[in-house]
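First up is the structure itself, then whatever we jot down about it.
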Amino acid sequence: MSAGLVGIAVIDILLFLFLVLIAIAIARLRNLFAIAMLAGVFSLLSAGLFVTLDAMDVAFTEAAVGAGISTVLMLGTLALTVREEKPVTHSPFLPLLVCAITGAALIYGTLDMPPFGAADNPVQTHVAPYYLEQTPVEIGIPNAVAAVLASYRGFDTLGEVVVVFTAAIAVLLLLGGGGRSGRHGKVAGERKKD
Amino acid sequence: MEELLFDLGFVLTHYNYWMFVVLMMTGLYITVSYGNLVKKIVGLNIFQTAVFLFYVSTGKIVGGTAPILTDDPAAVYSNPLPHVLILTAIVVGIATTALALALVVRIRETYGTVEEDEIIALEHEMDAAIGVER
């Protein structure tokens, strides 16, 4: 048990250090193209971390959606807006203080968390055994994640589809339908700038 | 092991929660500290990924394997439920990111900038102009 924990810890901490380095690089860089690329790398590395946590399906989705689609959307936005961030004028101490206090509160909260990776954690003792035992009987496929996603919790997935549909409609309304008023607004904005 | 200043077993079973808190706070810092709207969205995505990692890590069993069922009766599987919920959350997350980026494009069309302080300054100018007209 302990040897397994140490083995996981080495890989976890290595991936985590990479993730933090990338996040800090994103914070410090001002070139938005580089930031978009680093965000893609961040997603890919977090997919690696998902694999160490046994979440293969999540890793696939994160790699495809986070590193793929998200980067494409980000680059599309950069093509329509700006490439360079302007320098920050205000002091970073207040945000740093807020983050430090929030982080300290959250870490204080984790002290009561059940130990990582134990088989008798509360999360493991309710519906999960049922899903794992009944999936071959009731659904007949080996992948328990797919069985829960599409069958046991199919309404969740329906809700997800509704959210994606709503977001797609909203994006179309913002970028497609509002084209004329957008150009009008742009003229007003430019005039204001001059 | 007992002579150490801290309990190594406790650290080994809790360090991953702390890792995700650090990542989350980095994302929060990027979101609140920088004025560029695109960068704020990247910060939100980092925050979001940290929450996902935290959530999935609660379902992990050490020595277990991915919840893809095999014929081995002794196999231990990690909890599939957090994976399912986070799959849904990732897809919802990309939908909201797309919406946020579309809003950034519209803001750029209207104000000619994606910097928060410049947008606020323009808003104040517009308010002042309307106030004078009234």
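The values are calculated or read from the model by the stated rules, or taken from the named source; none is laboratory data. Source: prediction; values computed, not measured. Neighbour counts are summed over all protein chains in view; Cβ atoms, including those assigned to glycine, are modelled from backbone coordinates with ideal geometry. Just the protein is used for accessible areas: all its heavy atoms, side chains included, with ligands, DNA and RNA removed. Shrake-Rupley method; radii C 1.70, N 1.55, O 1.52, S 1.80 Å.
So here's what we get for this one:
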{"item": "Interchain or long-range residues, amide H under 5 Å from residue B:77's placed H", "result": "B:65"}
{"item": "Interface B:A - total buried accessible surface [probe 1.4 Å, Å², rounded to 100]", "result": "8200 Å²"}
{"item": "Hydrodynamic radius (Kirkwood) for the stretch A:1-85, which is based on Cα pairs only, to one decimal in Å", "result": "13.9 Å"}
{"item": "In degrees, nearest ten, helix B:8-33 long axis to first principal axis of chain B (Cα)", "result": "10 degrees"}
{"item": "Under the span-like rule (Cα at least 18 Å along the axis, Kyte-Doolittle mean at least -0.5), DSSP H helices of chain A", "result": "A:2-28, A:32-52, A:93-110, A:154-172"}
{"item": "Karplus 3J(HN,Hα) series, Hz, for the stretch B:102-109 with 6.51 cos²θ - 1.76 cosθ + 1.60 (x for Gly, Pro)", "result": "4, 4, 4, 4, 5, 4, 4, 5"}
{"item": "Computed log₁₀ I(q)/I(0) - Debye formula, equal Cα scatterers, no solvent, the stretch B:8-133, q 0.13, 0.17, 0.19 Å⁻¹", "result": "-0.72, -0.97, -1.08"}
{"item": "Simple spin-label estimate for residue B:71 and residue A:173 in nanometres, 7 Å along Cα-Cβ", "result": "5.5 nm"}
{"item": "Residues with amide H under 5 Å from that of residue B:36, placed H, sequence gap 5 or more", "result": "B:116"}
{"item": "Shape metrics for the protein assembly as shown, restricted to C-alpha atoms - Rg then Dmax, Å", "result": "22.7, 79"}
{"item": "Cα-Cα P(r), chain A, percent of pairs per 10 Å interval", "result": "7, 18, 29, 27, 13, 5, 1, 0"}
{"item": "Whole-percent carbon and sulfur share, accessible surface of the stretch A:1-85, 1.4 Å", "result": "79 percent"}
{"item": "Using θ = phi - 60° and Karplus 6.51 cos²θ - 1.76 cosθ + 1.60, couplings along the stretch A:115-122 (whole Hz; Gly, Pro as x)", "result": "x, 4, x, 7, 6, 9, 4, x"}
{"item": "Choice from B:63, B:27, B:93 with maximal GNM fluctuation in chain B (Cα, 10 Å cutoff)", "result": "B:63"}
{"item": "Helix B:37-58 vs. chain B, principal-axis angle (Cα, 0 to 90°, nearest 10)", "result": "20 degrees"}
{"item": "Two-site FRET efficiency, residue B:121 against residue A:72, from Cβ-Cβ distance with R₀ of 35 Å, rounded to 0.05", "result": "0.65"}
{"item": "Whole-number accessible area per residue in Å² for the protein assembly as shown, which is evaluated in the context of all protein chains at 1.4 Å", "result": "51 Å²"}
